[in-house]
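S.K.: My questions all concern the structure below.
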Amino acid sequence: MPCASRNPCAAARVNLPIKPSIRLGFRHAFDKEFTVEAYIRDQQGILSNPLSLRSSQVSGGVDTAYKFGSTTWTVNLKTGEVFSGFYEHTLRTNYDLKTTLQQSISLGETDLAIVPRMQVGYLWSNDPSQERWKIQVTAPVSYLLSDTIVLLPLMPKLSYQPYTQRTDHRVDWTLTMSVGIRWIFAAPSFVQASFGYENRWSNVPNAVFTRWVLTPQINLRVPF
């Protein structure tokens, strides 16, 4: 059957981005309130139709967290390399500094909780066109099914990213709605998978998209 689109069969072809990652962290708790964690992280960018590896990222950094009551303040500094394909050649080197304030709120006498989170950061890069502010608001909802299984029935995220070194003065707004599940196989390490829908608005037309995305991740954490 012929397709009515200008790009034949484009509407029928779904290209699902898959972003698997693995993170290894070494955390030290100085007391009940203050922790520091050094980590390394690897992430791949895969397209599903046809299956192809588009990019690779490796990064490392330091997380500091201070907890007072149900509120946590974190500061993160990291640097990373972005490659084409499977580490074929370096596209750019990024440096990322961000701070986050979040509060855990229990929803009554249930095992439901919501964690509103506000994050502000800046990304520097040896590719000036990538430098930008990164402002993000999230409010994930979690439900404790057991001591090791956590259901994440709603994970909304809104991001605002104004670029600072571009002549087109690019500004992006991205809304993500996703669901997920987490398995804590050896606390505090866990495996998590989320599936969601992303919608990006931008004043630069070729930066606009709507898509489904799958994000599996392994988070290994070693306390010392």
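S.K.: Given 215, 167, which one is surrounded by fewer than 17 Cβ atoms within 10 Å (Cβ to Cβ) and hydroxyl-bearing (Ser, Thr, Tyr)?
M.R.: Exactly one of 215, 167 is surrounded by fewer than 17 Cβ atoms within 10 Å (Cβ to Cβ) and hydroxyl-bearing (Ser, Thr, Tyr), namely 167.
S.K.: Here's another thing I want to ask about it. Regarding segment 203-211, can at least one residue be identified that is crowded, with 17+ Cβ neighbours inside 10 Å and modelled with pLDDT of 95 or more?
M.R.: Within segment 203-211, not a single residue is crowded, with 17+ Cβ neighbours inside 10 Å and modelled with pLDDT of 95 or more.
S.K.: Sticking with this structure for a sec: Give just the number: which of (1) within 22 Å of residue 99 (Cα to Cα); (2) surrounded by fewer than 17 Cβ atoms within 10 Å (Cβ to Cβ); (3) under 19 Å from the mean Cα position of the chain (by Cα) does residue 140 not satisfy?
M.R.: (2)
S.K.: So which residues in segment 111-134 are farther than 30 Å from residue 145 by Cβ and either hydroxyl-bearing (Ser, Thr, Tyr) or modelled with pLDDT under 95 (or both), if there are any at all?
M.R.: Selection gives 122, 125, 129.
S.K.: Then there is this: If residue 161 satisfies every condition in (1) surrounded by fewer than 16 Cβ atoms within 10 Å (Cβ to Cβ); (2) closer than 25 Å to residue 63 by Cβ but one, which is the exception?
M.R.: (1)
S.K.: Among the residues of segment 171-198, which ones are out of contact with any Lys or Arg (no Cβ under 8 Å at 6 or more places or on another chain) and either over 21 Å from residue 21 (Cα atoms) or acidic (Asp, Glu) (or both)?
M.R.: Within segment 171-198, 171 is the sole residue that qualifies.
S.K.: Could you list all residues from segment 201-224 that are under 27 Å from residue 151 (Cβ atoms) and free of Cβ contacts under 8 Å to residues at least 40 places away in the same chain? Step through it out loud before you land on a result.
M.R.: Within segment 201-224, the subset under 27 Å from residue 151 (Cβ atoms) is 210-223.
The answer is 210, and nothing else.
S.K.: If the requirement is being modelled with pLDDT of 95 or more, over 15 Å from the mean Cα position of the chain (by Cα) and loosely packed, with under 13 Cβ neighbours inside 10 Å, which of these qualifies: 185, 190, 224?
M.R.: Selected residue: 185, the only one of 185, 190, 224 that is modelled with pLDDT of 95 or more, over 15 Å from the mean Cα position of the chain (by Cα) and loosely packed, with under 13 Cβ neighbours inside 10 Å.
The values are calculated or read from the model by the stated rules, or taken from the named source; none is laboratory data. Everything quoted here is computed from the prediction, not taken from an experiment. Backbone-built Cβ (ideal geometry, glycine too); neighbour counts: all protein chains shown.
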